[in-house]
Amino acid sequence: MLKKCLFPAAGYGTRFLPATKSMPKEMMPVVSKPLIEYGVEESLQAGLSDICMVTGRGKRALEDHFDTNYELEHQIAGSDKETLLTNIRQLIDSCTFSYTRQREMKGLGHAILCGETLIGKQPFGVVLADDLCINADGPGVLAQMAQLYKQFRCSIVAVMEVPEDEVHKYGVIAGQAISDDLIRVENMVEKPAREEAPSNLAIIGRYILTPDIFDLIRDTQPGKGGEIQITDALMTQAQLGCVLAYKFKGRRFDCGSIEGFIEATNYCYDKLYAH
């Protein structure tokens, strides 16, 4: 059922200026691998091999990364450096990649709507590459959610507990517990003030969405910050049917912030690279 994964990747990454002046933030390397590559690996592990990217101006490096570089590969052919390309070559061979552009920044909901032409009328995953998720002890976060989708066949958002003084940075959910790690969403608020937050369960950048979400986004008025928020469309979907929130297993690093990016780099170096 789930084959496609959408990567909204049109943002400017202003918190990383000047590095992101001419380089997509999704190409920022955590140790030696760009953020977007970690995301595509997670998608493929979940069985979602149709990679659909919503990009913007100045993002050509994303397309070039998931393509063959004949000159480079010819230069290093037969050397010990060639093995460094093994993983990315396997990704390129295992996935298909398609791209469309978000011409103006109108929020995550709008970015997802821009991907409708690539997704069509089928359920799909969404990965925000600057949320780096690693589960060292088992399947990745998207794979965990894909298993849940097989059972429930409705939209699912990944959530985690955050300190109460950080709820204003996230979409926040509340609802009825189905199990220890699964909640049926009854309330969802985008970036609430601390005193208005329904809980401290924050949505992070992993979603599985059913295709009716596109019509709901179309009918969604601009919300917080004058942007079309996916949170508002999901709240409508929860009222009309069912949206689940899943407390995932693993670690999440906010690589949209410099502190989170450094933390992720240190963690990945210690866990994945240091021998």
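The values are calculated or read from the model by the stated rules, or taken from the named source; none is laboratory data. Note that the coordinates shown come from a computational prediction; the quantities given were computed from them, not determined experimentally. Cβ atoms come from the backbone with ideal geometry, glycine included; neighbour counts cover every protein chain shown.
Worth pointing out:
- The set of residues from segment 24-75 being touching a residue at least 60 places away in the same chain (Cβ under 8 Å), part of a helix (DSSP H, G or I) and among the polar types (S, T, N, Q) comprises S43, Q45.
- Residue count for segment 194-216, restricted to those that are among the polar types (S, T, N, Q) and farther than 16 Å from L6 by Cβ: 2
- Long-range neighbours under 6 Å by Cβ, at least six apart or interchain, first residue under 13 Å from F16 (Cα atoms) within segment 245-259, second charged (D, E, K, R): C255/D130; G256/D130
- Any hit, segment 123-140, residues being out of contact with any Leu (no Cβ under 6 Å at 6 or more places or on another chain), surrounded by fewer than 18 Cβ atoms within 10 Å (Cβ to Cβ) and under 18 Å from I51 (Cβ atoms): no
- Test: residue in segment 28-35 that is surrounded by 13 or more Cβ atoms within 10 Å (Cβ to Cβ), within 27 Å of E263 (Cβ to Cβ) and in contact with a His (Cβ under 9 Å, 6 or more places away or on another chain): yes
- Any hit, segment 187-201, residues being touching a Leu at 6+ places or on another chain (Cβ under 7 Å) and either of a type outside the set (D, E, K, R) or surrounded by fewer than 22 Cβ atoms within 10 Å (Cβ to Cβ) (or both): yes
- Pairing residues of segment 182-209 that are under 22 Å from P123 (Cα atoms) with residues that are among the basic types (K, R), at Cβ distances under 7 Å and at least 6 apart in sequence or on separate chains, gives I204/R252.
- Filtered residues of segment 252-275 (kept if of a type outside the set (D, E), closer than 22 Å to H168 by Cβ and surrounded by fewer than 20 Cβ atoms within 10 Å (Cβ to Cβ)): S257, I258, G260
- Within segment 145-168, the set of residues being in contact with a strand residue (DSSP E or B) (Cβ under 7 Å, 6 or more places away or on another chain), closer than 13 Å to G125 by Cβ and either polar (S, T, N, Q) or free of Cβ contacts under 8 Å to residues at least 60 places away in the same chain (or both) comprises just one member, S155.
- Odd one out for L132 among (1) part of a loop (DSSP other than H, G, I, E, B); (2) touching a Cys at 6+ places or on another chain (Cβ under 6 Å); (3) not charged (D, E, K, R): (1)
- Meets criteria (modelled with pLDDT of 95 or more and surrounded by 12 or more Cβ atoms within 10 Å (Cβ to Cβ)) for Q90: no
- Qualifying residues in segment 217-243 (those that are among the small types (G, A, S) and assigned to a helix (DSSP H, G or I)) - the one nearest to the chain's Cα centre (by Cα): A233
- Taking segment 261-272 as the range and being in contact with a strand residue (DSSP E or B) (Cβ under 8 Å, 6 or more places away or on another chain) and either in a loop (DSSP other than H, G, I, E, B) or touching a residue at least 40 places away in the same chain (Cβ under 8 Å) (or both) as the test, the residues that pass are F261, A264, T265, Y267, C268, K271.
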